[in-house]
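Here's the structure, in structure tokens; my notes come after.
The values are calculated or read from the model by the stated rules, or taken from the named source; none is laboratory data. Predicted model, so just to flag it, every value in this text is computed and none were measured. Glycine gets a Cβ as well: all are built from the backbone with ideal geometry, and neighbour counts include every protein chain shown.
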Amino acid sequence: MESFYLGSDVSKGYADFVILDAKKQIVEKNFELGDSYAGHNELYEKLNKFMEDRPGAKLYAAVESTGGYENNWYNTLFKCQRAIDVSVTRLNPIGVHHSIKAGMKRNVTDKISAYAIAEFLIMQGENIRFDVDTYYAELRKMKAFVDMLTKQKVQCENQLESVLYSANPEVLVYCEEFKPAWLLLLLLQYPTADKLSRAHLESLKKIPFIKDKQAEQILEKAKKSVASSSGPVTEMLIKEMITQINHLEELIKKHKKAMAKNCKLEEVELLKSIPGIADYSAISLMLEIGLIERFESSKKLASFFGVHPVYKQSGDGKWGMYMSKQGRSAPRATLYMSVFSGIQYNPIIKDVYKKHVKNGMKKGAAMGVCMHKLLRVVYGILKSNKPFDPAIDLENQTYSTIKHSKINVKKDSAFYNIMVESPISGRQRKKRKAQLVSQDVESSKAGS
């Protein structure tokens, strides 16, 4: 059966298409269509005519994930399955981008990108899952809306801090990691240091969640404030921004609840069995993962999230291990918050974190290790289709320890010959001597 590959580079309002054969030869020259009823209808007719001229052929089609602009084209191609033998998929733009770089293409145009997408299908066909209609589509829209509200809230909070720096700077010491609820209530009543300095202590103590000692400190500092702004306009701005922050917070909570209510995925319920992962985090992780069958191992999943460790070393230079941070940052942010909760509620994550911090690792790096660990737990749960069980993880750790203890370490003869015979630097010679000693130690342990 002859196979053909349709690449489509989607832009806002239109898309470029091209069809290649298995030898990467163009069989249908580039054509551009508008994202309208006429454009989608013409695409259907072109593909229908193309397949009629090639009875028994198979067509593979792909669109890049471009933030939603590809949805209409994906839907049309998916519906074409009713009439022609076509399989459709979405591609991660990073993979296509690296494919273009590997091809050493000097220029990048819509036509070249469409060709690169079709070429990527040919080269990576065995690793691509087709015809997975996104039943996550509605959830993705809701999450995108929540992300937008969260971004607006952060922007508003940043602007509030900027205004407070000149209007009420002393209260900023309570905003190092987050803004406590009592602080916003305080600022609604006393937005500037000038107004706060004239407040009664008893009135401050009546504000919900504020401690008596905090109220006394705040009042004392306000009376000695170095604030440079205290006019009615400043007061109005602060109150309006706090009102907006509270409004956005309520909207975010509302839509997170709606997401949880409308999500009926079994995988989400499995992820929620992990201590520290609630509805929104579980849904967000599944929206990123999609089908766990896409990943051959937990290492592949870690690479997809960009939390896998990488090490660079060249010549006499020295680099350490660090998180790759490849791909989008949003999935890692969700994973980070899940680990942040897991350090408090998940015994496995808590033990991993404490162990590495105790051994001298920085807290940020230890969080990265925990993110990698949590992803391995997530992978195991989704693969086995069983809820979280600490005993299983302990059993896996024991098996891994036994397996590694049986590995025999052998000296690398090429490594040794370079050290003895080659004119390497003194630093490199010392480094290789130390490594050879460590190999001797490992060999003796393995043999005992």
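If you go through region 264-299, how many residues are in a helix (DSSP H, G or I) and out of contact with any Lys or Arg (no Cβ under 8 Å at 6 or more places or on another chain)?
To start, the set of residues in region 264-299 that are in a helix (DSSP H, G or I) comprises 266-271, 279-289, 292-294, 298-299.
After this cut, where a residue has to be out of contact with any Lys or Arg (no Cβ under 8 Å at 6 or more places or on another chain) as well, the list is 266-269, 271, 281, 285-286, 288-289, 299.
Qualifying residue count, region 264-299: 11.
Does Ser230 satisfy the criteria of being small (Gly, Ala, Ser), at pLDDT below 90 and surrounded by 15 or more Cβ atoms within 10 Å (Cβ to Cβ)?
Details: small (Gly, Ala, Ser): yes; at pLDDT below 90: yes; surrounded by 15 or more Cβ atoms within 10 Å (Cβ to Cβ): yes.
For Ser230, the condition - small (Gly, Ala, Ser), at pLDDT below 90 and surrounded by 15 or more Cβ atoms within 10 Å (Cβ to Cβ) - is met.
Report whether or not Val307 is closer than 29 Å to Lys386 by Cα, in a loop (DSSP other than H, G, I, E, B) and either within 19 Å of the chain's Cα centre (by Cα) or aromatic (Phe, Trp, Tyr) (or both). So that I can check it myself, show each step before the final result.
On the way: closer than 29 Å to Lys386 by Cα: yes; in a loop (DSSP other than H, G, I, E, B): yes; either within 19 Å of the chain's Cα centre (by Cα) or aromatic (Phe, Trp, Tyr) (or both): yes.
For Val307, the condition - closer than 29 Å to Lys386 by Cα, in a loop (DSSP other than H, G, I, E, B) and either within 19 Å of the chain's Cα centre (by Cα) or aromatic (Phe, Trp, Tyr) (or both) - is met.
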Seminar exercise, completed: Across region 215-263, the tally of residues that are among the small types (Gly, Ala, Ser), more than 41 Å from the chain's Cα centre (by Cα) and outside any loop (DSSP other than H, G, I, E, B) stands at 1
Exercise. If we scan region 144-151, do we find a residue that is under 30 Å from Ala333 (Cα atoms), modelled with pLDDT under 90 and either of a type in the set (Val, Ile, Thr) or not assigned by TED's automatic domain parsing to the domain that holds Lys254 (or both)?
Worked result: no
Seminar exercise, completed: Of the residues in region 67-83, those that are buried (at least 17 other Cβ atoms within 10 Å of the Cβ) and assigned to a loop (DSSP other than H, G, I, E, B) number 2
Exercise. What single numbered condition from (1) touching a residue at least 40 places away in the same chain (Cβ under 8 Å); (2) surrounded by 12 or more Cβ atoms within 10 Å (Cβ to Cβ) fails to hold for Gly56?
Worked result: (2)
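Listed here are the residues, each with its yes/no results for (1) modelled with pLDDT under 90; (2) in contact with a Lys or Arg (Cβ under 9 Å, 6 or more places away or on another chain); (3) surrounded by fewer than 19 Cβ atoms within 10 Å (Cβ to Cβ).
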site: Lys195; (1), (2), (3): no, no, yes
site: Ala199; (1), (2), (3): no, no, yes
site: Lys206; (1), (2), (3): no, no, yes
site: Lys213; (1), (2), (3): no, no, yes
site: Glu216; (1), (2), (3): no, yes, yes
site: Glu220; (1), (2), (3): no, no, yes
site: Thr234; (1), (2), (3): no, no, no
Exercise. Looking at (1) part of a helix (DSSP H, G or I); (2) modelled with pLDDT under 80, which is the one condition that is false for Lys111?
Worked result: (2)
Exercise. For region 14-33, what are the residues that are surrounded by fewer than 17 Cβ atoms within 10 Å (Cβ to Cβ) and closer than 16 Å to Tyr74 by Cβ?
Worked result: Tyr14
For this session: Being at pLDDT below 85 and hydrophobic (A, V, I, L, M, F, W, C) is the filter; apply it to region 114-140 and report the residue that is surrounded by the fewest Cβ atoms within 10 Å (Cβ to Cβ).
Result: Ala137
Exercise. Right, Ser384: polar (S, T, N, Q), surrounded by fewer than 20 Cβ atoms within 10 Å (Cβ to Cβ) and touching a Pro at 6+ places or on another chain (Cβ under 9 Å) or not?
Worked result: no
For this session: Provide a single number: the residues in region 338-356 that are out of contact with any Asp or Glu (no Cβ under 6 Å at 6 or more places or on another chain) and buried (at least 16 other Cβ atoms within 10 Å of the Cβ).
Result: 11
Problem set entry | Within region 13-34, tally of residues that are over 17 Å from Lys111 (Cβ atoms) and free of Cβ contacts under 8 Å to residues at least 60 places away in the same chain | 2
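Which residues, taken from region 33-49, are part of a helix (DSSP H, G or I) and over 19 Å from Val86 (Cα atoms)? Before you say what the answer is, go through the steps one by one.
First, the residues of region 33-49 that are part of a helix (DSSP H, G or I): 37-49.
Hits for region 33-49 are Tyr37, Ala38.
In this structure, does Ser162 turn out to be of a type in the set (Gly, Ala, Ser), surrounded by fewer than 14 Cβ atoms within 10 Å (Cβ to Cβ) and either in contact (Cβ under 8 Å) with a residue 24 or more places away in the chain or assigned to a helix (DSSP H, G or I) (or both)? Let's see the steps before the verdict.
On the way: of a type in the set (Gly, Ala, Ser): yes; surrounded by fewer than 14 Cβ atoms within 10 Å (Cβ to Cβ): yes; either in contact (Cβ under 8 Å) with a residue 24 or more places away in the chain or assigned to a helix (DSSP H, G or I) (or both): yes.
For Ser162, the condition - of a type in the set (Gly, Ala, Ser), surrounded by fewer than 14 Cβ atoms within 10 Å (Cβ to Cβ) and either in contact (Cβ under 8 Å) with a residue 24 or more places away in the chain or assigned to a helix (DSSP H, G or I) (or both) - is met.
Enumerate the helices (runs of 4 or more DSSP H) found wholly within region 349-448, keeping only those where 3 or more residues are modelled with pLDDT of 80 or more and among the β-branched types (Val, Ile, Thr).
Working: elements: 363-384, 390-405, 413-421, 426-447.
Where helices (runs of 4 or more DSSP H) fall fully within region 349-448 and carry at least 3 residues being modelled with pLDDT of 80 or more and among the β-branched types (Val, Ile, Thr), they are 363-384.
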For this session: Determine whether Thr89 is within 34 Å of the chain's Cα centre (by Cα), assigned to a loop (DSSP other than H, G, I, E, B) and crowded, with 16+ Cβ neighbours inside 10 Å.
Result: no
Problem set entry | Pick from region 285-324, criterion modelled with pLDDT of 85 or more and among the basic types (Lys, Arg), ranking: nearest to Gly95 (Cα to Cα) | Lys300
